[in-house]
Every structure is written in structure tokens, then in C-alpha cells.
Amino acid sequence: MTDRPLPTIYAETRFYWDGAKEGKLLLNACKPCGDKAYFPPRPFCPTCGSRDVGVIEASGKGRLYSYIINHLPAPGYEPPFTVAVVMLDEGVKMVANILDCPADPESLELDMPLEVTFEQRGEIAVPQFKPATGGAA
């Protein structure tokens, strides 16, 4: 359990949070765009506007696209901590924390392989990322 803030779950995002609770990273995908994945969850494609969308399970693998090291206090977080933009193998970017890695530029290399991990916050699991253990993403 953590005292970090809990997300607000809406009908349009319930599949995402239910998947996370099961240890799955689920994304929307647009059928007219060739099952192209997108994030954050929403009931229409941000590219073409179609509502003919489905849900896919992402690999959970990605690379560090960008990051900041936060040194300011935040509810539930002990500074310093890393807030990152992760480019998933599926081609979408997500903002998440990097866990199991020092919040230090010496430890955070752009394009480093990452893998999803799920941080429990009570009844909710929040997708976060950590350095990949199985080699290249």
C-alpha cells in the first residue's frame, strides 16, 4: 500500500485499470487505422476520429524517451524521483515513474530498455516502468 494519489476511473478507462489489476497493460487500437494503438484511453481514435476501436494487450516493453528528475515534494513521493516519457514498442508514449532505478542521470540513459511493472495502490494497480531485465526491449 502506498499513500500516492489514486487515479479517477471513468467508464472509458475502466478496461485499462481492470487490465492493470490483472498485470496487463491494455491499450486502445483503431481498426480503420490498421489496429494502430493509442494512449491515453478514449472511445475514439485521435488520428481519424473513428469509434471503431478495440483493446489490445501491449507487450509492456519500451524505451526511455525523455525524463525529469523531480526534487520537489509531492504527495506520496520521496524526492528525488523520476518522471519519464516511455515509448512503448507499440508506438505510443506514456508518462510514468521509473522504479528500481536511482533518480540519477548516471543511471538513466535515453533509449534504455524498460519494462512495465505494476505498483499497487490499495485496490488499484498503476502501470510504472523499470529497467528491462531480459536484454533489449
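Using a Gaussian network model of the chain with C-alpha springs under 10 Å, which one of THR13, THR117, THR47 is most mobile by mean-square fluctuation?
THR47
Would you work out if the stretch 78-126 is rounded, prolate or oblate? Take a ≥ b ≥ c from the square roots of the eigenvalues of the alpha-carbon gyration tensor; rounded if a/c is under 1.5, else prolate when a/b is larger than b/c, oblate otherwise.
It comes out oblate by the Cα gyration axes.
Between THR133 and CYS33, how high is the FRET efficiency from 1/(1 + (r/R0)^6) when r is the Cβ-Cβ distance and R₀ = 22 Å? Nearest 0.05.
Once rounded, the FRET efficiency stands at 0.10.
Roughly how compact is the chain, stated as its Cα Rg over 2.2 N^0.38 Å to two decimals?
1.08
Using a Förster distance of 25 Å, how high is the FRET efficiency between LYS21 and SER59, based on the Cβ-Cβ distance and rounded to 0.05?
For R0 = 25 Å, the calculated efficiency reads 0.85.
Which net charge results for the neighbourhood of THR8, defined as the other residues with beta-carbon distances under 15 angstrom from its beta-carbon, given Lys and Arg at +1 and Asp and Glu at -1?
Local charge sum for THR8: +1.
May I ask you to give the percent of accessible area on the chain that is carbon plus sulfur, with a probe radius of 1.4 Å?
Accessible surface attributable to carbon and sulfur in the chain totals 52 percent.
Suppose each label sits 7 Å from its Cα in the direction of the beta carbon; what would the GLU78-GLU106 distance come out to in nanometres?
Taking the simple label geometry, GLU78 and GLU106 are separated by 2.0 nm.
Express in whole angstrom the spacing between the alpha-carbon centres of the stretch 1-33 and the stretch 68-137.
After rounding, the separation between the Cα centres reads 17 Å.
Which of the chymotrypsin sites (Phe, Trp or Tyr not before Pro) found in the stretch 63-137 are loop residues per DSSP with 14 or fewer other Cβ atoms within 10 Å of their Cβ?
none
How large is the convex hull of the Cα atoms of the stretch 1-48 per residue, expressed in Å³ as a whole number?
86 Å³
The values are calculated or read from the model by the stated rules, or taken from the named source; none is laboratory data. Keep in mind it's a predicted model, so treat the numbers as computed, not measured. In this analysis, Cβ positions are derived from the backbone assuming ideal geometry, glycine residues included, and neighbour counts consider all displayed protein chains. Side chains included, ligands, DNA and RNA excluded: accessible areas come from the protein's heavy atoms. Shrake-Rupley method; radii C 1.70, N 1.55, O 1.52, S 1.80 Å.
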